[in-house]
Amino acid sequence: MFSRPQGGQLARRLREPRRFIQVVAGPRQVGKTTLVRQVTEASGLVCHYASADEPTLRGRDWIEQQWEAARLAARDAPRRGALLVLDEIQKISGWSETVKRLWDADTAGGVPVKSVLLGSAPLLIQRGLTESLAGRFEVLHLPHWSYTEMREAFGWNLERYLFHGGYPGAAPLVGEPGPWARYVKDSLIETTISRDVLLLTRVDKPALLRRLFELGCACSGQVLSYQKMLGQLQDAGNTTTLAHYLELLGGAGMVIGLQKFAGAQARQRGSSPKLQVLNTALMNAQAGMTPGEARKDAAYWGRVVESAVGAHLANAAMTGLCELFYWRDRNREVDFVVRAGKTVTAIEVKSGRGREALPGMAAFSAAFKPKRKLLIGGDGIALETFLSRPVEHWVNV
């Protein structure tokens, strides 16, 4: 039994005779390495594993050295070949060009080496793939753990999941609010920002990026213009920089900015985004409240509930299953709009928090005629039921 359902998909790919580079991408500490180790052990293949996750960046020569070790292992096991697993591959500058050259050489020479690449910065991984490895790879997206996964693995109830989110590594600390919050801030937030964003991407204003992340957590579920964000962040930067930083934070699996739904029209990047955390643990660790204190604060808990629904949808969107938006027209708003192919689903969340805009389902329906309209919470679909089922169940993919 693999720790996550995606393990079965990867196992099937490694059993197939065709050779594609398997890429496993997702945020930090969602179980990528654990899953790949489980799959490789079950495969029975000779495996060479190496990680580039070091304080100092490795170079392209390191990739060649690891690849050569796998080639030697394959020579000793000519019938089944060997498996090469390279972890944190995005930390090596120019990794995709080197992998392309080595993979092409093995393909031409019939060398039986299968490759699995892991990366904790999905945005950087995707750039490398599209730039150099077109037609040579398959991507397995590993999002944050869902409510169902955390419930089955750790016996969590809904309230615990809403507060502590989907980080399995933090599960042993949930009974200790202080250590749990420090773990999330130090081992997840700070490590992701410093090692997956600032170390690997040009960021001219790192303090602004950090403050933007904090704002995204504090205002998850709210629509804010970039100008208003700059005002709250007390920075004289420009909106283009802010939009870029929000893209980097989203690519690292932390905070995204949902764009306004515009039907068949092209999305406008400059429109006011709706801030959305991808894991409620991020906002709750920053809030400085215990689970009991958060639950008693009706307004805050309402934002947690809406953010959990948004995170469930957004993680599915990050895997390419669908697209996720919000919609607002004057003082009317629809919390989430999901587009899967040509199917549009409009979703309202009854969370109990005070709204800054009136429900807009009727106006949205008149304008865009969605195939499905859902109400989550209240007298609609129970929140636990919604989070217990995959997004494709609700949006009719």
Subject >> M318 vs. criteria of a type in the set (A, V, I, L, M) and modelled with pLDDT under 95 >> reply: yes
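State the number of residues belonging to segment 33-71 that are aromatic (F, W, Y) and assigned to a loop (DSSP other than H, G, I, E, B).
The first filter runs over segment 33-71 and keeps only residues aromatic (F, W, Y), leaving 49, 62, 67.
Those still in the list that are assigned to a loop (DSSP other than H, G, I, E, B) too: none.
Residues in segment 33-71 being aromatic (F, W, Y) and assigned to a loop (DSSP other than H, G, I, E, B): 0 in total.
Per-residue answers, yes or no, for (1) more than 19 Å from the chain's Cα centre (by Cα); (2) closer than 18 Å to E247 by Cα; (3) in a helix (DSSP H, G or I):
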site: F163; (1), (2), (3): no, no, yes
site: G175; (1), (2), (3): yes, no, no
site: A181; (1), (2), (3): yes, no, yes
site: S194; (1), (2), (3): no, yes, yes
**OP:** Just need a number here: residues in segment 159-184 that are surrounded by fewer than 17 Cβ atoms within 10 Å (Cβ to Cβ) and touching a residue at least 24 places away in the same chain (Cβ under 8 Å).
**Re:** 2
**OP:** Name the residue, out of T34, T40, that is farther than 21 Å from L133 by Cα, hydroxyl-bearing (S, T, Y) and either touching a Leu at 6+ places or on another chain (Cβ under 9 Å) or crowded, with 20+ Cβ neighbours inside 10 Å (or both).
**Re:** T40
Original post:
Quick one: in segment 325-384, which of the residues that are at pLDDT 90 or above and polar (S, T, N, Q) is nearest to C219 (Cα to Cα)?
Top reply: T345
Original post:
Within segment 344-361, can one find any residue that is within 21 Å of G26 (Cα to Cα), in the same structural domain as G263 (by TED's automatic domain parsing) and assigned to a loop (DSSP other than H, G, I, E, B)?
Top reply: no
**OP:** Scan segment 212-237 for residues that are within 21 Å of A311 (Cα to Cα) and either assigned to a loop (DSSP other than H, G, I, E, B) or in contact with a Lys or Arg (Cβ under 9 Å, 6 or more places away or on another chain) (or both) and report the count.
**Re:** 7
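Out of V24, V36, report the one residue that is in the same structural domain as T107 (by TED's automatic domain parsing), closer than 18 Å to S96 by Cα and at pLDDT 90 or above.
Details: V36 fails: closer than 18 Å to S96 by Cα.
Result of the check over V24, V36: V24.
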Original post:
Any residue at all in segment 5-17 that is more than 19 Å from P143 (Cα to Cα), in contact with a Leu (Cβ under 8 Å, 6 or more places away or on another chain) and buried (at least 20 other Cβ atoms within 10 Å of the Cβ)?
Top reply: no
Subject >> Filtered residues of segment 77-91 (kept if within 21 Å of the chain's Cα centre (by Cα) and in a loop (DSSP other than H, G, I, E, B)) >> reply: E88
Subject >> Lone qualifier among V85, V113 - being over 22 Å from L278 (Cβ atoms) and in contact with a Gly (Cβ under 8 Å, 6 or more places away or on another chain) >> reply: V113
Subject >> Pairs, first in a helix (DSSP H, G or I) in segment 1-18, second of a type in the set (F, W, Y) and at pLDDT below 90, C-beta under 8 Å, six or more apart >> reply: G8/F2; A11/F2; R13/F20
Original post:
Inside segment 260-339, counting only helices (runs of 4 or more DSSP H) that do not spill past its ends, which hold 1 or more residues that are surrounded by fewer than 20 Cβ atoms within 10 Å (Cβ to Cβ) and acidic (D, E)?
Top reply: 291-296
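Got a number for residues in segment 94-145 being among the aliphatic types (A, V, I, L, M) and either part of a strand (DSSP E or B) or in contact with a Phe, Trp or Tyr (Cβ under 6 Å, 6 or more places away or on another chain) (or both)? Spell out how you get there, then give the answer.
So the first thing to find is which residues in segment 94-145 are among the aliphatic types (A, V, I, L, M), and the list is 99, 102, 105, 108, 111, 113, 116-118, 121, 123-125, 129, 133-134, 139-140, 142.
With the extra rule that they be either part of a strand (DSSP E or B) or in contact with a Phe, Trp or Tyr (Cβ under 6 Å, 6 or more places away or on another chain) (or both), the set shrinks to 102, 113, 116-118, 129, 139-140.
Residues meeting the conditions: 8.
Working carefully through the options T240, T201, find the one that is outside any helix (DSSP H, G or I), more than 16 Å from the chain's Cα centre (by Cα) and farther than 14 Å from N284 by Cβ. Steps first, answer last, please.
Values: T240 fails: outside any helix (DSSP H, G or I).
So the residue among T240, T201 that is outside any helix (DSSP H, G or I), more than 16 Å from the chain's Cα centre (by Cα) and farther than 14 Å from N284 by Cβ is T201.
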Original post:
Do the conditions hold for A74, that is, is it buried (at least 17 other Cβ atoms within 10 Å of the Cβ) and either free of Cβ contacts under 8 Å to residues at least 40 places away in the same chain or assigned to a loop (DSSP other than H, G, I, E, B) (or both)?
Top reply: yes
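When you check V30 against the structure, is it part of a helix (DSSP H, G or I) and not charged (D, E, K, R), yes or no? Show your work before the answer.
Working: part of a helix (DSSP H, G or I): no; not charged (D, E, K, R): yes.
For V30, the condition - part of a helix (DSSP H, G or I) and not charged (D, E, K, R) - is not met.
The values are calculated or read from the model by the stated rules, or taken from the named source; none is laboratory data. Please read these numbers as outputs of a predicted model, since none were measured by experiment. Neighbour counts run over all protein chains shown; Cβ positions are idealised from the backbone, glycine included.
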